[in-house]
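Reading through the structure tokens given below for one structure.
The values are calculated or read from the model by the stated rules, or taken from the named source; none is laboratory data. The structure presented is a predicted model; accordingly, all values stated were derived computationally and were not measured. Here the Cβ positions follow ideal geometry from the backbone for every residue, glycine too, while neighbour counts run over all protein chains shown. Only protein heavy atoms, including side chains, enter the accessible area calculation; ligands, DNA and RNA are left aside. Shrake-Rupley method; radii C 1.70, N 1.55, O 1.52, S 1.80 Å.
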Amino acid sequence: LVVVSGPSGVGKTTVVERLLEASDYERAVTATTREPRGAEVDGVDYEFLTREQFEARVEEGGFLEHARVHGNRYGTPKANVERILGRGGVCILNVDVQGAAMIRGTVSPAMDVFLLPPDDAALEARLRGRGTDDAKTVEGRLETARDELARQGEYDVTVLNDDLDRAVAELAAIIEGRRRVTEGA
């Protein structure tokens, strides 16, 4: 299990998508109560749930991790991860910093990776450039990002996302190195 995390706007989704395109790894689909953005598809990009559906799954213990982020709920359904790991696959999770903290130490062997932005200005430009949030939401995401960046020392690995191709190659090399060690053990 590889948990990829970092502040909003750091490029987690883009890095994970590129990593998946170039490997046999699989992404566990996570769940959210937020509205779909653009061409996002239910069951592919996220499981889009109502707040009531989400809370029912929390009560049932159906999430590996779950958190409230920027007014919405996000979580990783246990069944989605177990399905991939049960086949012997490498499961990649794209989660926020709160979710990574909940997973840390609960699933073994797991590796958590913190994606770093090149600098604060780049992170702000990415958030504003997405065009998916109003100015107040972007400011909230930037404030949260400052707190999240302070937690990077909790992670097994940090990867600087200043060049997409380099960041993806570095992450793939780290995963393959860990995979060889795990399979050789």
**Report entry** Counted residues, segment 87-102 - those being open to solvent by 70 Å² or more (accessible area, probe 1.4 Å) and charged (D, E, K, R)
**Finding:** 1
Report summary line: Output for Cβ contacts, cut-off 6 Å, separation at least six or different chains, first residue touching a residue at least 40 places away in the same chain (Cβ under 8 Å) in segment 160-173, second open to solvent by 20 Å² or more (accessible area, probe 1.4 Å) and assigned to a helix (DSSP H, G or I), reads 168/18
**Report entry** Residue that is at pLDDT below 80 and open to solvent by 80 Å² or more (accessible area, probe 1.4 Å), where the choices are 183, 139
**Finding:** 183
Requested in this report: Could you pull out the residue among 100, 173 that is closer than 20 Å to residue 70 by Cα and among the aliphatic types (A, V, I, L, M)?
Outcome: 100
**Report entry** Test set (1) at pLDDT below 85; (2) of a type in the set (A, V, I, L, M); (3) farther than 20 Å from residue 14 by Cβ; (4) surrounded by fewer than 16 Cβ atoms within 10 Å (Cβ to Cβ) - residue 121 fails condition number
**Finding:** (3)
Report task. Looking at (1) open to solvent by 80 Å² or more (accessible area, probe 1.4 Å); (2) touching a helix residue (DSSP H, G or I) at 6+ places or on another chain (Cβ under 8 Å), find the lone condition where residue 178 falls short. Result -> (2)
Query raised in the report: What do you reckon, is residue 111 open to solvent by 60 Å² or more (accessible area, probe 1.4 Å), in contact with a strand residue (DSSP E or B) (Cβ under 8 Å, 6 or more places away or on another chain) and not β-branched (Val, Ile, Thr)?
Result: no
Query raised in the report: When you look at residue 130, is it of a type in the set (D, E, K, R), open to solvent by 40 Å² or more (accessible area, probe 1.4 Å) and either free of Cβ contacts under 8 Å to residues at least 12 places away in the same chain or in contact with a strand residue (DSSP E or B) (Cβ under 7 Å, 6 or more places away or on another chain) (or both), yes or no?
Result: no
Query raised in the report: Looking at this structure, is residue 169 on the phi < 0 side of the Ramachandran plot and exposed (fewer than 14 other Cβ atoms within 10 Å of the Cβ)?
Result: no
Report summary line: Checked segment 52-86 for anything within 22 Å of residue 1 (Cα to Cα), within 19 Å of the chain's Cα centre (by Cα) and open to solvent by 40 Å² or more (accessible area, probe 1.4 Å); matches are 66, 74, 78, 79, 82, 83, 85
Query - Filter result for the condition that a residue is in contact with a strand residue (DSSP E or B) (Cβ under 9 Å, 6 or more places away or on another chain), of a type in the set (Gly, Ala, Ser) and either closer than 19 Å to residue 171 by Cα or free of Cβ contacts under 8 Å to residues at least 40 places away in the same chain (or both), over 56, 121, 39, 67 - result: 67
